[in-house]
Amino acid sequence: MDMSTSSPVITDPVAISPPLLGGMSSNMMPFSVMSGGYTGPGMSSRRKIEEVIVNGLLDAMKSSSPRKKHNLAFDQEDSLDEDPDYSAWMSECPSALTSFKHIVANAQGKKIALFLDYDGTLSPIVDDPDKAFMSPAMRAAVRNVAKHFPTAIVSGRSRKKVFEFVKLKELYYAGSHGMDIMTSAPNSEHNTEKIIHLEYYLQCKEANLFQPACEFLPMIDEVTKSLLEVTSEIDGARVENNKFCVSVHYRNVAEKDWKTVAQLVKKVLEAFPRLKVTNGRMVLEVRPVIDWDKGKAVDFLLQSLGLDDPENVIPIYIGDDRTDEDAFKVLRQRNCGFGILVSQVPKETEAFYSLRDPSEVMAFLNSLVRWKKHSLR
């Protein structure tokens, strides 16, 4: 399938609902705060609307980025089990490790397709996004699982960045929340030196690319510059251009300054009505207003790879962030496959199962490989 020329699968961005800021529309404010804007009658009510919007975004930032209730001692497995809130949540979203036999029983006689988020799933969450390295053991686990099951990385990172972290040619890659998808890798007939060369891999002529938001690239670059400028004075704020989206990290920002971050992002987006902001784990994501997310990306990958037959394929998606909920929801709606949330705190989720951290993700992947090898005997 040539995805560069496939039929459009997105809605006209202009026809979709306006960009959301904390659940409210930014185009409710037809004036520019940054330029001084409107000063006539109704200014007071508009300021109230603006405050509601900012507070809504702030609430979303807090709810999607819960602080751990546990100190270092509580990071131990027994301490988590003794937390009544966590235990109650686990009854609703049980461990994928303790439920492993049930998961693979449903996959008996079917093909498993595996989808993996990166940050917080394959690598630990770290203060510096550029240092979110996966361990050699995790890389080996992902490489081994990809030998037995079609495996894709679906990340908010740019496709180039996530490949630089993962460095595995055996996988499919969907970067920028699925707005930059590579569905075929160089085959083994190519020279090995070419295969491991990053730029060759990313631009390989044999690779099928699907990029539904190409027209937004100049806009993304422009909004990145604006966000870098307005957040430059906020200690700990970090702006990351992920090609088709922009991440505003506030993990290292004092919580008292989160509202300032929300205000600045809102102000910048007033000049970009075709962009919206969504919230993730300690990050605000500025994205094109198109009908596309990780769930749509999973659906697209399943179809384009010939894995969309629910009678024969069981998709499994593992992720830790709110943006992964779109993929969990798709699997529920398909009534086929399992979403697995990576979390050490109770969260509302569309996932069926949970894992506590990347170490448990690695254990789950290794279990899949052992089960597959055993089933082939």
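The values are calculated or read from the model by the stated rules, or taken from the named source; none is laboratory data. Everything numeric here is computed off the predicted structure, so don't read it as measured data. For neighbour counting, all protein chains shown are included, and Cβ atoms are generated from backbone atoms with ideal geometry for every residue, glycine included. These accessible areas exclude ligands, DNA and RNA; they are computed on the full protein's heavy atoms, side chains included. Shrake-Rupley method; radii C 1.70, N 1.55, O 1.52, S 1.80 Å.
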For this session: Kindly establish whether Ser95 is at pLDDT 95 or above and surrounded by fewer than 19 Cβ atoms within 10 Å (Cβ to Cβ).
Result: yes
Exercise. Exactly one of (1) under 27 Å from Thr224 (Cβ atoms); (2) touching a Gly at 6+ places or on another chain (Cβ under 9 Å); (3) open to solvent by 10 Å² or more (accessible area, probe 1.4 Å) is unmet by Pro310. Its number?
Worked result: (1)
Seminar exercise, completed: Of the conditions (1) within 19 Å of Thr98 (Cα to Cα); (2) open to solvent by 60 Å² or more (accessible area, probe 1.4 Å), the single one that Phe338 does not satisfy is (2)
For this session: For residues that are touching an Asp or Glu at 6+ places or on another chain (Cβ under 9 Å), free of Cβ contacts under 8 Å to residues at least 60 places away in the same chain and open to solvent by less than 30 Å² (accessible area, probe 1.4 Å), scanning just region 208-235, find the one that is farthest from Ala297 (Cα to Cα).
Result: Ile234
For this session: Among what's in region 98-117 and is under 25 Å from Glu170 (Cα atoms) and among the basic types (Lys, Arg), pick the residue that is most open to solvent (accessible area, probe 1.4 Å).
Result: Lys111
Problem set entry | Failed criterion for Glu360 (all others in (1) within 28 Å of Asp127 (Cα to Cα); (2) open to solvent by 20 Å² or more (accessible area, probe 1.4 Å); (3) within 15 Å of the chain's Cα centre (by Cα) hold) | (3)
For this session: Mind listing just one residue for me: the one in region 303-347 that is of a type in the set (Phe, Trp, Tyr) and within 12 Å of the chain's Cα centre (by Cα) and, of those, farthest from Asp119 (Cα to Cα)?
Result: Phe328
Problem set entry | Residues being out of contact with any strand residue (DSSP E or B) (no Cβ under 8 Å at 6 or more places or on another chain), more than 15 Å from Glu360 (Cβ to Cβ) and either loosely packed, with under 15 Cβ neighbours inside 10 Å or of a type in the set (Phe, Trp, Tyr) (or both) - total across region 129-139 | 3
For this session: Say whether the condition of being crowded, with 21+ Cβ neighbours inside 10 Å, touching a residue at least 60 places away in the same chain (Cβ under 8 Å), in contact with a strand residue (DSSP E or B) (Cβ under 7 Å, 6 or more places away or on another chain) and within 27 Å of Asn252 (Cα to Cα) is met by at least one residue in region 289-300.
Result: yes
Problem set entry | Evaluation of Val126 against (1) under 30 Å from Asp180 (Cα atoms); (2) modelled with pLDDT of 95 or more (one fails), failing number | (2)
Exercise. Which of the residues belonging to region 320-364 are under 25 Å from Trp292 (Cβ atoms), part of a helix (DSSP H, G or I) and among the aromatic types (Phe, Trp, Tyr)?
Worked result: Phe328
Problem set entry | Condition broken by Phe300, with the remaining ones in (1) outside any helix (DSSP H, G or I); (2) within 18 Å of the chain's Cα centre (by Cα) satisfied | (1)
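Take the residues in region 247-274 that are in a loop (DSSP other than H, G, I, E, B) and of a type in the set (A, V, I, L, M), then tell me which one is nearest to the chain's Cα centre (by Cα). So that I can check it myself, show each step before the final result.
Of the residues in region 247-274, the ones in a loop (DSSP other than H, G, I, E, B) are 250-254, 270-274.
If we keep only those that are of a type in the set (A, V, I, L, M) too, we end up with 253-254, 271.
Working: Val253: 21, Ala254: 24, Ala271: 25 Å.
Among residues in region 247-274 that are in a loop (DSSP other than H, G, I, E, B) and of a type in the set (A, V, I, L, M), the one nearest to the chain's Cα centre (by Cα) is Val253.
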